1. Limited to the stretch 47-80, what total is found for residues that are at pLDDT 75 or above and under 30 Å from Glu14 (Cα atoms)?
2. Would you call Glu40 at pLDDT below 85, assigned to a helix (DSSP H, G or I) and surrounded by 10 or more Cβ atoms within 10 Å (Cβ to Cβ)?
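The values are calculated or read from the model by the stated rules, or taken from the named source; none is laboratory data. As the structure is a computational prediction, the values presented were derived from the model and not from experiment. Ideal geometry is used to build each Cβ from the backbone, glycine not excepted, and the neighbour counts take in all protein chains shown.
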Amino acid sequence: MELREVERLIEQYEEGKTSLAEEKQLSEFFRTRTVPSHLEPYRIIFGYTSRVRKETYQGKNPVGGKAKKNYTWMAIAASIVLALGVFIYQNKPHAGTAHRDMGMTEEQQTTYKQAKQTLLLVSGYMNDGKEELVHLKEINSANKFINLK
């Protein structure tokens, strides 16, 4: 293979446009010939791919048997510790603030209480007005009979 052809294939390889056959030709070129210095980094890439193709799975499971059981028990223990930590954190009162004041100053608490009272008062008036709407429902049903002429 000529040097120009190799350089063209390398450009296509960098753009992701080479086929497997062309990559095999590049791998063969870098494995069998002396390579110019400006293409030396590609020797590492294509030398690695040809070496990896020869590797096969030996059938040994690195995580199996007793080691797998230990991982299972460690996962269960970690889950229990996490659950206990969340339970203890939620039941512990926070330092410096009472449970009900939500970290507000006294002025903010009084403003909150006044706003709450005002909203309850407005809600009460609205509910009183709602009772009168029952009569409107009766009038609407009567209008249906009147408009049937």
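1. Narrowing the stretch 47-80 to residues at pLDDT 75 or above: 70-80.
Next cut, under 30 Å from Glu14 (Cα atoms) only: none.
Qualifying residue count, the stretch 47-80: 0.
2. Details: at pLDDT below 85: yes; assigned to a helix (DSSP H, G or I): yes; surrounded by 10 or more Cβ atoms within 10 Å (Cβ to Cβ): yes.
Against the criterion (at pLDDT below 85, assigned to a helix (DSSP H, G or I) and surrounded by 10 or more Cβ atoms within 10 Å (Cβ to Cβ)), Glu40 qualifies.
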